[in-house]
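Worksheet for the structure shown next.
The values are calculated or read from the model by the stated rules, or taken from the named source; none is laboratory data. Worth saying up front: this structure is predicted, and the values here are computed from it rather than measured. Counting neighbours? That spans all protein chains shown, and the Cβs are built from the backbone with ideal geometry, glycine included.
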């Protein structure tokens, strides 16, 4: 006799256009601006005057809307932590290697925006609505690939706990993918393309001082 799963799996196909439209709608609401004044290429910090609290509101709202875990560090912090601050910036100016890391990490931004002698403070001006859409799509793709580690079953939402997932077959808890870990993995890949080794790996190779 076939048993009915305790939870119904929900894995709708990812529609990038629909995701982008939803991201745009959420950001319009969070910034309390007119939809006509916003496009996917709008700069949140520059054109729209977003502040830190606005960004927190946007992240929270996107997480709840899509049931994902977005990264908490910004690109500069993540890059500096991974490859070492001196690799990325010197005297407040982003290095050529740092610029290439940023450019490849933000493909939605036109290449010429990453200019010589660019300072750290200028980087956040490049964050657009499309930047958020890209990260949301990355997290959604990772979530779509989730399977139960015990039985291979698909994840299903937990009633009244929208940010929790369980296996539709056996009921085991399934963790949402970490946006921070996803972005870090992408950065490691980009660094490898540029011949860069993470700072932690360099320290392991050279050995700690006695």
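Given 98, 46, which one is farther than 30 Å from residue 144 by Cα and in a loop (DSSP other than H, G, I, E, B)?
Numbers: 98 fails: in a loop (DSSP other than H, G, I, E, B).
Matching residue, one of 98, 46: 46.
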Would you point out the residue of the stretch 120-143, among those that are in contact with a strand residue (DSSP E or B) (Cβ under 7 Å, 6 or more places away or on another chain) and surrounded by fewer than 19 Cβ atoms within 10 Å (Cβ to Cβ), that is nearest to residue 29 (Cα to Cα)? 125
Among the residues of the stretch 144-171, count how many are touching a strand residue (DSSP E or B) at 6+ places or on another chain (Cβ under 8 Å), surrounded by fewer than 19 Cβ atoms within 10 Å (Cβ to Cβ) and within 20 Å of residue 13 (Cβ to Cβ). 3
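Every residue in the stretch 49-78 that is free of Cβ contacts under 8 Å to residues at least 40 places away in the same chain, under 19 Å from the mean Cα position of the chain (by Cα) and more than 25 Å from residue 145 (Cα to Cα), please.
At the first step, the residues of the stretch 49-78 found to be free of Cβ contacts under 8 Å to residues at least 40 places away in the same chain are 49-57, 59-61, 77.
The next check asks that each one be under 19 Å from the mean Cα position of the chain (by Cα); those that pass are 50-57, 59-61, 77.
Within the stretch 49-78, 50, 51, 52, 53, 54, 55, 56, 57, 77 qualify.
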Candidates 103, 78, filtered to the one that is part of a helix (DSSP H, G or I) and over 19 Å from residue 139 (Cβ atoms): 103
Return yes when residue 64 is in contact with a strand residue (DSSP E or B) (Cβ under 8 Å, 6 or more places away or on another chain), part of a helix (DSSP H, G or I) and within 27 Å of residue 163 (Cβ to Cβ) and no when it is not. yes
Residue 8 versus (1) surrounded by fewer than 13 Cβ atoms within 10 Å (Cβ to Cβ); (2) modelled with pLDDT of 90 or more; (3) in contact with a strand residue (DSSP E or B) (Cβ under 7 Å, 6 or more places away or on another chain); (4) on the phi < 0 side of the Ramachandran plot: which is the lone unmet condition? (2)
Considering only residues that are in a loop (DSSP other than H, G, I, E, B) and either modelled with pLDDT under 95 or touching a helix residue (DSSP H, G or I) at 6+ places or on another chain (Cβ under 7 Å) (or both), which ones fall in the stretch 176-200? 176, 177, 194, 196, 197, 198
Which residue, of 101, 70, 75, is buried (at least 17 other Cβ atoms within 10 Å of the Cβ), at pLDDT 95 or above and within 30 Å of residue 174 (Cβ to Cβ)? 70
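Pick from the stretch 30-48 the residues that are touching a helix residue (DSSP H, G or I) at 6+ places or on another chain (Cβ under 8 Å), exposed (fewer than 13 other Cβ atoms within 10 Å of the Cβ) and without any contact (Cβ under 8 Å) to a residue 40 or more places away in the chain: which of them is nearest to residue 108 (Cα to Cα)?
Kept after step one, since they are touching a helix residue (DSSP H, G or I) at 6+ places or on another chain (Cβ under 8 Å), are these residues of the stretch 30-48: 30-31, 34-35, 38-46, 48.
Keeping just the survivors that are exposed (fewer than 13 other Cβ atoms within 10 Å of the Cβ) gives 34-35, 39.
Subsequent filtering for residues that are without any contact (Cβ under 8 Å) to a residue 40 or more places away in the chain retains 34-35.
On the way: 34: 23, 35: 20 Å.
Among those that are touching a helix residue (DSSP H, G or I) at 6+ places or on another chain (Cβ under 8 Å), exposed (fewer than 13 other Cβ atoms within 10 Å of the Cβ) and without any contact (Cβ under 8 Å) to a residue 40 or more places away in the chain, it is 35.
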Conditions (1) closer than 16 Å to residue 188 by Cβ; (2) without any contact (Cβ under 8 Å) to a residue 40 or more places away in the chain; (3) more than 16 Å from the chain's Cα centre (by Cα) -> residue 102 fails only (3)
